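Notes follow once the structure below has been shown.
Nothing in this text is a laboratory measurement; each read-out follows from the coordinates by a stated rule. This is a predicted model, so every value here is computed, not measured. So basically every Cβ, Gly included, is an ideal-geometry build from the backbone, and we count neighbours across all protein chains shown.
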Amino acid sequence: MDDTPSFTLEHRSRASSSPGLTERSARVRASRDEDLAAVAAIYAHHVLHGSGSFELEGPTVEELGRRRDEVLAKDLPYLVVEQAGVLAGYAYANVFRPRPAYRFSVENSIYLDPAFTGRGLGTLLLRELLLACTEWGARQMIAVIGDSANVASIALHARCGFRFAGVLHATGWKHGRWLDTVLMQAALGPGNMAPGIDAERTRL
C-alpha cells in the first residue's frame, strides 16, 4: 500500500454526482484540530435530540479530540464536509473490534449539522470515507445504527452500497423508549473474494 494514503490530503469532491451540489459549494477534506468545536456541537445535537447515538450526554471537545487522536494513530480517516466554507458534518472509521482477526473490518460514524441535511452532503461524505478506508486496506465496513426508526441514516447507507445485516432488538433505552440497533455492511475493494493479505495491512 502507498505510505501516504489519499485521505491525509483534501479529498476530491464528488459533488457532481449529488443533485444540487457543485464542486464550488461542497468539499470533503481531512479534519483539523480547529474543527473539533464544530464537530462537538454537531455531535451534541444528535446525542441530546436524536437516537442514532446511544450516548446520553455530549462529550467535551477534549474528549472528542482524544477519540480523534485514537483514529488518526491508526492512520484511519477522520473527514469533514464543508459547504460554502461552513463545516456541515463529519465522518470517521475505526477498527470494528480489537481482536486481531477483525483487522480488515472497520466501523463508521457519520453525523451532519441538521441545518445541512437534504443536500446530498451525507452521501458525498460517506462515499469519500468508503474510498479512504478501501485505500487503507479495509475489506468490510460495518454501520452500527441506533434505532430502527432512524430511516435517514439507514437510507443513506443503502444509497452508498451497504446491505442490511441484522437487527439487535431493544438494546438501548433512551428518550423514554427502547431502541434497536441496526447493522449494515459494505464490502470494500475485493471484499471476501480474495484472502486477507497481512502485507497489505501493516498498520495493525
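Treat each spin label as a single point 7 Å out from the Cα along the C-beta direction, and report the HIS49 to ALA187 distance in nm.
Simple spin-label model gives 4.0 nm for this pair.
Going by how many other beta carbons lie within 10 Å of each one, how would you line up HIS45, HIS175, HIS157, fewest first?
HIS175, HIS45, HIS157
Under the rule a/c < 1.5 gives rounded, and otherwise a/b versus b/c splits prolate from oblate, where does the stretch 22-200 land using the Cα gyration tensor?
Since a/c stays below 1.5, the shape of the stretch 22-200 is classed as rounded.
Counting each DSSP H run of 4 or more residues in the chain as -39500 (n - 2.57), what helix-only mean residue ellipticity at 222 nm follows after dividing by all residues, to the nearest 500 deg cm²/dmol?
It comes out at -8000 deg cm²/dmol, rounded to the nearest 500.
In the stretch 109-140, whose amide N lies under 19 Å from the spot 7 Å out along Cα-to-Cβ of ARG32? List them in ranges.
Inside the label zone: nothing.
Which one, VAL95, LEU48, ALA37, projects farthest toward the positive side of the charge dipole computed for the stretch 23-108 from Cβ point charges (K/R +1, D/E -1)?
Positive-most Cα among the choices belongs to VAL95.
Want the number for ALA115 to LEU72: 0.36 nm per residue separation, take away the alpha-carbon distance, what's left?
Net length gain for the segment: 12.7 nm.
With springs only between Cα atoms under 10 Å, which of ARG27, ARG68, ARG99 fluctuates most in a Gaussian network model of the chain?
Its mean-square fluctuation being the largest, the pick is ARG99.
How long is the gain from GLU63 to ALA158 if the chain were fully straight, where each residue apart is worth 0.36 nm and the alpha carbon distance is subtracted?
31.2 nm
Could you give the size of the charge dipole of the stretch 59-128 about its Cα centre, using +1 on the Cβ of each K and R and -1 on the Cβ of each D and E, expressed in debye and rounded to the nearest 20?
320 debye
Suppose a student asked you for the relative contact order of the chain, using Cα pairs under 8 Å spaced at least 6 residues apart; what percent would you report?
Over the chain, the number comes to 20 percent.
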